[in-house]
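Asker: Here's a structure for you.
No value in this document is a laboratory result; all are computed from the given coordinates. This one's a predicted model, so the numbers in the text were calculated from it and none came from an experiment. All Cβ positions, glycine included, derive from the backbone under ideal geometry; neighbour counts span all protein chains shown.
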Amino acid sequence: MNIINLKNKVKSNIYALNSLYVFFIINSTNVLSYLFWFLIGRNFNEETFTFITSINSLLMILTTPAATLAHLIVKFLNFDDDKKIRINFFFNLLFIISLLFILLSSIIFIFFDVFFSKMNYLRLHIILILAACFFIYLKHLITSFFQLKKNYVKFSLFQSSFIYLKFFLMLFVIYFGINGKFGFIYVNLIAVIIVLFFLFFWFNEDFKLISFFKIYDKKKYLLLSKYFIILFGSSFFITFLLNYDLIISRAYFETNTSAEYSSLSIICKSIFYLFSVFIFVIFPESSLDKSFKIKKFLILIIFSLILGSIAIFTLVFFSDIIFYYTFNGKYQPNNTNIIYLSYSMLFLTISNLIYFFLIGKNKYLIPMLIFILPFLFYSLVLKYFTESIFTFVQTQFFINLIMMSFIASYFFYIKIKKL
């Protein structure tokens, strides 16, 4: 009887139900994503492995605008709005993305030698990555409308399909012995194009895109641009903090040390990905639902901290087995580095969750300034924290701890003032 009552209680709690859907669907994809990286680590040499991990980090940083699209759509639109308004909004956003893409491409090619001289990237690598970026922006833009409708299952499935396609296409690359560096880039490009092909027809069924090409609304466009810049800036800082390490390690460490750190980073970041999926529910709920209570959010934070600590303990306890079977025994970081980097990722996760809750409540200025702080710290200690893997992970640990403390303090200050 108690089990039946619990089941009925969960079904009646839409917030809890949506959180469970997103948690299990996205994290099932995260498991496959890790199998994807283990596949790469086991089948390519150290040079190709570090190239792929660094180019993937670059791809993640360049696609930062994609992470802001869902937040803008949820903030500016209601799905009860006239269909023409929604489509006009869609093309306003697409126009902004196109302008940003042109600016981004121009900066990269003007300063190509400065940015990538130590990375051994070719210009063709960057051209293909930029093409994949644009299609990823478009994919996120379309799937964001599912999030607006609170159709979290469809949203999660389309987000997941990209990873599934990448995994199976990478198997194809390995089986036929295709060049790993170009193979990885083509895998991303082809996978996102296939997803877009299916998304367009599903999306068009709801929106009838072809019938509603409209001229941009200038007033709404200016307001939209303002929030886009705010959200883009903050999302850039978060994405950069999560992905810069693999680029730095390739630039400053020897190939074997960089490969060892890459394996450590891939495993420890599972802590971040495990709980950051809740953002897909937290932001729309805090933005659209005025009755959404801080108490629910705090329960989620406590849950993440407890379960995250258990996951870190498990990771350390079984580290020998995990690294042996995932990377075929080629890399074996010590437990101290695992603890430092894992907790660093957990601190970044909590900061991220609090931040997206706050911007859902229009409290974004102070949190965004807090996310700028790590850049100042890293610029001051660059020489120290690139001396070894230990100093590298130790610096990340303390900086992310300080950042989490600041943003949590601001959150409780707002809570006291009755957000």
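Asker: State, to one decimal in nm, how far the label point of SER98 lies from the label point of PHE201, with both points 7 Å from Cα in the Cβ direction.
Answerer: It is 2.6 nm.
Asker: Then there's this: Exposure proxy check: HIS125, HIS140 ranked by fewest other beta carbons within 10 Å?
Answerer: Ascending number of Cβ neighbours within 10 Å: HIS125, HIS140.
Asker: Sticking with this one: Test of understanding: what is the full-extension gain from LEU122 to ALA311, defined as 0.36 nm times their sequence separation minus their Cα-Cα distance?
Answerer: Contour length minus Cα-Cα distance gives 64.2 nm.
Asker: Further, regarding this structure: What order do you get for ASP113, ASP320 when you list them from fewest to most C-beta neighbours inside 10 Å?
Answerer: ASP113, ASP320
Asker: Find how much the distance from ILE229 to TYR413 grows on full extension, using 0.36 nm per residue of separation minus their present alpha carbon separation; answer in nm with one decimal.
Answerer: Contour length minus the Cα-Cα distance gives 63.7 nm.
Asker: Sticking with this structure for a sec: Sorting check: for 265-277, 333-345, which peptide has the highest mean count of neighbouring beta carbons within 10 Å, and how do the rest follow?
Answerer: For the peptides 265-277, 333-345, the packing ranking is 265-277, 333-345.
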